[in-house]
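Written below as structure tokens is the structure these notes are about.
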Amino acid sequence: YQKGDHFRTASGATAGCSDCHLKNHSNEHVGPIDYVEMLMYKAKAGSISLFGQIQGSLSTPEKQIEKREEMAESVQKWMVSVDYVTCRGCHDIGNMKVNPAKPMVAPMHKAFADQPKTDCVACHSTAGHKYE
């Protein structure tokens, strides 16, 4: 995670694990139902880790590395199922401004602004984790 794009951004902002791995709405008002839903996602994610520890399939760093691809696929499927709400909670691509240093970035992203199920990770595969 510390090698990933969200550990330290150019603006100095950082995203924590829960910002991407739990369904949340960082830029919106969170009501009681949203809060309960977030807690349920958190309980589910914690249960997966707990059961992996108990069963021994995630009990060592080496075993976690072995399971990395399988876990990544699971997270990717979940992100698609919630339409990348965790990405969209911080990134509003419809409101991106043109950066003179990177003038094509905003127009490229605006093409995806109104498309449901946009695959953010297809282009931003190291946004959260970079293992090199």
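Taking the 1.4 Å solvent-accessible surface of segment 30-69 as the whole, the part contributed by carbon and sulfur is 64%. Computed 3J(HN,Hα) for segment 50-59, one whole-Hz value per residue from the Karplus formula 6.51 cos²θ - 1.76 cosθ + 1.60 where θ = phi - 60°, is 4, 5, x, 5, 5, 6, x, 6, 10, 7, glycine and proline marked x. Among 85-96, 63-74, the peptide with the highest mean count of other Cβ atoms within 10 Å heads the list, and the full ranking is 85-96, 63-74.
Measuring with a 1.4 angstrom probe and ignoring ligands and nucleic acids, V98 comes out at about 100 Å² accessible.
For segment 34-90, the solvent-accessible area with a 1.4 angstrom probe is 70 square angstrom per residue. Modelled spin labels at R68 and D92, positioned 7 Å past Cα toward Cβ, are 3.6 nm from each other.
The values are calculated or read from the model by the stated rules, or taken from the named source; none is laboratory data. From a predicted model like this one, the values you see are computed outputs, not experimental measurements. All Cβ positions, even for glycine, are placed from backbone atoms using ideal geometry, and neighbour counts span all protein chains on display. Keep in mind that these areas ignore ligands, DNA and RNA; they rest on the heavy atoms of the full protein, side chains included. Shrake-Rupley method; radii C 1.70, N 1.55, O 1.52, S 1.80 Å.
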